[in-house]
Amino acid sequence: MTITANSTEYTVSIQFINDRGQTKTIDDGDFKKLTFESSYFTPFMRGQLQLNNTNQRNIFQTPSLAKVNDYDMSTSGGEFIVIRIQQTSNPVTQQKITILSETYITQNIEIGSTDGEKVLKYFFVNIDYGPLMYTKMPWSTNNYIDDPVHKTTAEKQILVSDAIKHLLVNLYDNKSHPESIIDMKNWDESSSKIEYTLNNQQPPIIGLRHLMSKYVSKKHHDMGILTQNGGLYQLNSLNRLLKQASGRNLAGAIQIETEDIRKPYSNKRSMTSTFSPVHISNINIIPQKSTLGSDIMIDHSVSSYNFIDKEFKLFNEEGTISKLKEDITSYTTNREAAVQEANINKPNKFILSSFEKSKNQNSYTGRIVLQQKLINTSEKLSIPILGNLYLKGSNFVNIELTGIPHNQKMRNISGLWFILKNTTVLRPGKFQSQIICGRLDNEKV
């Protein structure tokens, strides 16, 4: 089917495949809307497909005995959805550019309404998420230790980064060719170690989340973010993401237009970018939330108890605001952490309680938690642009503000922003993305 939006033609192909091997192609009469969402929280693209459900046309239909090719629409999820979107780049030659070609799996189905019309809502997620959620398999880090029965607790631990890699490789049954799903060049080794076993009947996604929560990068002791690029999993520390913000992790550029057309002088290194324009009146600035509570952007200490050695330890230094600023400054040039300390909260301190099996496993927990809160509570921009699925969560976008900046606030808008979420909608007459991005660092004053 062909959808016209923003004066551009898009060819959209949507095909369902169920567990009975039946297929169904969605046509113009069925289709209402497609929504895609990517986030830095997860490497998996999620979305929603809305189908016309007038007179229950797409539900409760049973294939007739005379027509074995009729499709039985599932009411409980689990179907595969193959989606391909192409953009007509040359109306004369009808040359097309493929902007999406992916297979998804449905997680849930809801009956609802949109703009007064009955719709059937299919909630889907990238197909790679399926094995993580629906596979039940025994798995333990002990599988990668020689003779674990006769090893001490410390000897049975392996690097968290290796545990994550082993879990994914085992899950997708790629033990002989791990490079087919793991980007070895973009896999930051951890300093943290772990012994971990999935509980009986637990889905692997539970184990993956737990392992990611224990990750501390080896070189800079940072938090880690799991991404997917070109079908390969990547495990990047915050340090690597920031250092590659203007290179490999730069996904695009946005120019915020004001009424001021003058060009400011800047000694910053120029970046070659094709900007997507958006007027400043459409931008929503979400202020930093660092002053909303006494447990957010304040010093974090860790009270740790080692139940093997029966020792208590208190880790203070790594989780301080001053240490966080020092770290961000070391990652970038002429930049500092975008942290606005509230004087009313300075005397406060947040203490995390933790238990460990080996020494100093929690020494950097305060820093990791504070880095996560820096991202979550950062000043944010909400920006509507023409539909763009390439601006993914955990990438960076280069934002420029036209005109002469009158204050430090305006100067801080221009620069690299961390993409937290991208919500993209495609429907007849509309193809638009809503980008939520956060400021992790500012220009030094």
Among the listed residues 370, 374, 426, which satisfies the condition of being under 22 Å from residue 39 (Cβ atoms), of a type in the set (A, V, I, L, M, F, W, C) and touching a helix residue (DSSP H, G or I) at 6+ places or on another chain (Cβ under 6 Å)? 370
Would you confirm, using the coordinates I've provided, whether residue 134 is under 26 Å from residue 423 (Cβ atoms), touching a Phe, Trp or Tyr at 6+ places or on another chain (Cβ under 7 Å), touching a residue at least 24 places away in the same chain (Cβ under 8 Å) and not small (Gly, Ala, Ser)? no
Filter the stretch 21-37 down to residues that are surrounded by fewer than 18 Cβ atoms within 10 Å (Cβ to Cβ) and outside any strand (DSSP E or B), then give me how many there are. 5
Output yes when any residue across the stretch 35-48 is closer than 24 Å to residue 117 by Cβ, at pLDDT 90 or above and of a type in the set (Lys, Arg), and no when none is. yes
Looking only at strands (runs of 3 or more DSSP E) that fall completely inside the stretch 64-127, which ones have 2 or more residues that are modelled with pLDDT under 75 and within 18 Å of residue 36 (Cβ to Cβ)? none
How about the stretch 142-182: which of its residues are assigned to a loop (DSSP other than H, G, I, E, B) and in contact with a Phe, Trp or Tyr (Cβ under 8 Å, 6 or more places away or on another chain)? 181
Restricting the search to the stretch 111-143, which residues are surrounded by 14 or more Cβ atoms within 10 Å (Cβ to Cβ) and more than 24 Å from residue 79 (Cα to Cα)? 139, 140, 141, 142
Which one is surrounded by the most Cβ atoms within 10 Å (Cβ to Cβ) among residues in the stretch 185-197 that are touching a Leu at 6+ places or on another chain (Cβ under 9 Å) and outside any loop (DSSP other than H, G, I, E, B)? 190
Hey, any hits in the stretch 198-218 for a residue that's assigned to a loop (DSSP other than H, G, I, E, B), surrounded by 19 or more Cβ atoms within 10 Å (Cβ to Cβ), touching a residue at least 12 places away in the same chain (Cβ under 8 Å) and among the polar types (S, T, N, Q)? no
Which numbered condition residue 190 fails, given (1) within 28 Å of the chain's Cα centre (by Cα); (2) touching a residue at least 60 places away in the same chain (Cβ under 8 Å): (2)
When you check residue 182 against the structure, is it farther than 26 Å from residue 436 by Cβ, of a type in the set (A, V, I, L, M, F, W, C) and surrounded by fewer than 20 Cβ atoms within 10 Å (Cβ to Cβ), yes or no? no
So is residue 222 assigned by TED's automatic domain parsing to the domain that holds residue 141 and assigned to a strand (DSSP E or B) or not? no
For the stretch 337-445, give me every one of the strands (runs of 3 or more DSSP E) that falls completely inside it and has 2 or more residues that are at pLDDT 85 or above and within 30 Å of residue 4 (Cα to Cα). 380-386, 396-401, 415-427, 430-438
Of (1) free of Cβ contacts under 8 Å to residues at least 12 places away in the same chain; (2) closer than 21 Å to residue 227 by Cα, residue 389 satisfies every one except (1)
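The values are calculated or read from the model by the stated rules, or taken from the named source; none is laboratory data. Computed from a prediction, not measured in an experiment: that's the story for all the values here. When we count neighbours, we look across all protein chains shown, and the Cβ atoms used for this are built from the backbone with ideal geometry, even at glycine.
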